[in-house]
Every structure is written in structure tokens, then in C-alpha cells.
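K.L.:
Here's a structure for you.
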Amino acid sequence: QRRTGNADLEPLHRIDRGTAGLVLFSQDPASRSRYQALFREQRIEKRYQALAPALPAIDFPYTRRSRIVRAEPFFRMDEVPGEPNSATRIEVLDRSGPIWRYALTPISGRKHQLRVHLAALGAAILNDPYYPSLREPRPDDPERPMQLLAQALRFADPIDGSDRHFETRLSLAEAGGIAPNSPLPG
């Protein structure tokens, strides 16, 4: 709001502090609720990328379904037995080396869902300070950002029905973090 001078500018959804990438904003209070409903009613396709250890024993694409609930400390989530309330479609984009690049499509929208699902499979996202276990609290480290990128959003516009597709210009780069238009090594 300060940078643009538009006091009506508001994000329509949130991504975790450590996640880089795309956030959709609204600048029209009159139509804002219609766009927010896309997220609330799960009528928007979100696509992420992550760098994490290889999972050669899993046949991809793979859908992880589990029950995710609040854990301790208050900002963490955990998988528990019970009826699944979360689902993530996981695909592999690059299998070269011990670190793979994954495409993640959340089917549901639980807090930390992508991070919890990959960690539960044994492939915690690189530099994730919370999963699979909580690291000692420390300030954000720009030299070691979490390797999770909110890459794209697609939806039918609630005003005119047109197909909308937005994609970030950022990309994941294993060695140096997240950078604009930088290809993944390999």
C-alpha cells in the first residue's frame, strides 16, 4: 500500500513467510469477496515447486492424503491417524542427483500442508526450519532460504468467467536460493 499509494490493495491469500513466489492482490473492495471465495471454496488451482531429497521408492505422480492438525509449538502442524483432511498431488520435474525438483499441487488448503506432506514422506524441503523437526529459532537466513516456491495460480475469473493464469518469474536454484529466471542446475 505504501509503495503503490493504493490504500485498497489487499492480498487475497497468504503464503508462509519462508515461501517465495506469487501472491494475488485485489485493488477493488467491491469485487474482493468474489475473488476471496475462489480460495475459500477451493476453486483455484495453485502450483508450487520444491527442492527436496529424492524419493526413488515412490511411483509418481503420487497423491498424499492425511489428517493434519495443530501441533506444538502453536505454529507447527502434524499428521495424525484419522480421516484425511488434506491432499497434495506430487510430481517430479527433475530427478538428477540426490535433490529432486518437485511440482506440488495442493488439493486442500491446510496450514503448512506441502511442508508436512513432503517431510512425512522422508523428503523435507531444503532449508525448512520447522519440518521434519523444529530447528533452533534464528532470524531468516537469506543465504539459505527455504526451497519452496508458490509458482502459479489458475482460475475462472468470477466476474467475466475468463481463464486467468498467473506465474512468477522466480525459480528455484539449489545452490544459491531463489532467483529471478535462474534455471535449476542439471
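The values are calculated or read from the model by the stated rules, or taken from the named source; none is laboratory data. Keep in mind that what you see is a predicted model, and the values were worked out from it rather than measured. All Cβ positions, even for glycine, are placed from backbone atoms using ideal geometry, and neighbour counts span all protein chains on display. Just so you know, the surface numbers come from the protein's heavy atoms only, side chains and all, with ligands and any DNA or RNA stripped out. Shrake-Rupley method; radii C 1.70, N 1.55, O 1.52, S 1.80 Å.
K.L.:
Can you give the helix-only mean residue ellipticity at 222 nm for the chain, where every DSSP H stretch with n ≥ 4 adds -39500 (n - 2.57) and the sum goes over all residues, rounded to the nearest 500 deg cm²/dmol? Display every interim value, and only then the final one.
P.N.:
Numbers: 2 runs with 17 residues, N = 186.
Calculated at 222 nm, the ellipticity per residue is -2500 deg cm²/dmol.
K.L.:
Between residue 127 and residue 95, what is 0.36 nm times their sequence separation minus the Cα-Cα distance? Round to one decimal in nm.
P.N.:
Numbers: separation 32, 0.36 × 32 = 11.52 nm, distance 1.90 nm.
Once the chain is fully extended between residue 127 and residue 95, it gains 9.6 nm.
K.L.:
Place a +1 charge on the Cβ of each Lys and Arg in the stretch 1-70 and a -1 charge on the Cβ of each Asp and Glu, then give the dipole magnitude about the Cα centre in debye, rounded to the nearest 20.
P.N.:
On the way: 14 positive and 7 negative charges, 51 e Å.
Charge dipole of the stretch 1-70: 240 debye, to the nearest 20.
K.L.:
Please list, in order, the residues from the stretch 35-76 whose amide nitrogen is less than 18 Å from a point placed 7 Å along the Cα→Cβ vector of residue 9.
P.N.:
Within reach of a label on residue 9, which here means backbone N under 18 Å from a point 7 Å along Cα→Cβ, the stretch 35-76 contributes nothing.
K.L.:
Could you check the spin-label model distance between residue 160 and residue 37? Points 7 Å from the Cα along Cα→Cβ, value in nm.
P.N.:
Going from the residue 160 label point to the residue 37 one covers 1.9 nm.
K.L.:
Counting Lys +1, Arg +1, Asp -1, Glu -1, what net charge surrounds residue 1 among other residues with beta carbon under 10 Å of its beta carbon?
P.N.:
On the way: positive: 2, 3; negative: 8, 10.
In short, 0.
K.L.:
Then there is this: Between the stretch 4-52 and the stretch 61-101, how far is it from one alpha carbon centroid to the other, in angstrom?
P.N.:
If you average the Cα positions of each part, the centres end up 21 Å apart.
K.L.:
How much solvent-accessible surface does residue 45 expose, in Å² to the nearest 10, with a 1.4 Å probe and all protein chains in place?
P.N.:
We get 90 Å² for residue 45.
K.L.:
In addition: By the scheme Lys and Arg +1, Asp and Glu -1, what is the net charge of all other residues having a beta-carbon under 12 Å from that of residue 27? Could the numbers behind the result be given before it?
P.N.:
Working: positive: 32; negative: 8, 10, 28.
Every neighbour counted, the sum reads -2.
K.L.:
Between residue 108 and residue 67, what length in nm is gained on full extension when 0.36 nm per residue of separation is reduced by their alpha carbon distance?
P.N.:
Numbers: separation 41, 0.36 × 41 = 14.76 nm, distance 1.11 nm.
Full-extension gain reported as 13.6 nm.
K.L.:
Please list the three semi-axes, largest first and in whole Å, of the ellipsoid equivalent to the stretch 72-164, using sqrt of 5 times the eigenvalues of its alpha carbon gyration tensor. Write out the running numbers ahead of the final one.
P.N.:
On the way: eigenvalues 130, 68, 49 Å².
That gives 26, 18, 16 Å for the three semi-axes.
K.L.:
On to the next question. With no solvent and one point per C-alpha, what does the Debye sum give as log10 I(q)/I(0) for the chain at q = 0.19 Å⁻¹?
P.N.:
Those come out to -1.42, one per q.
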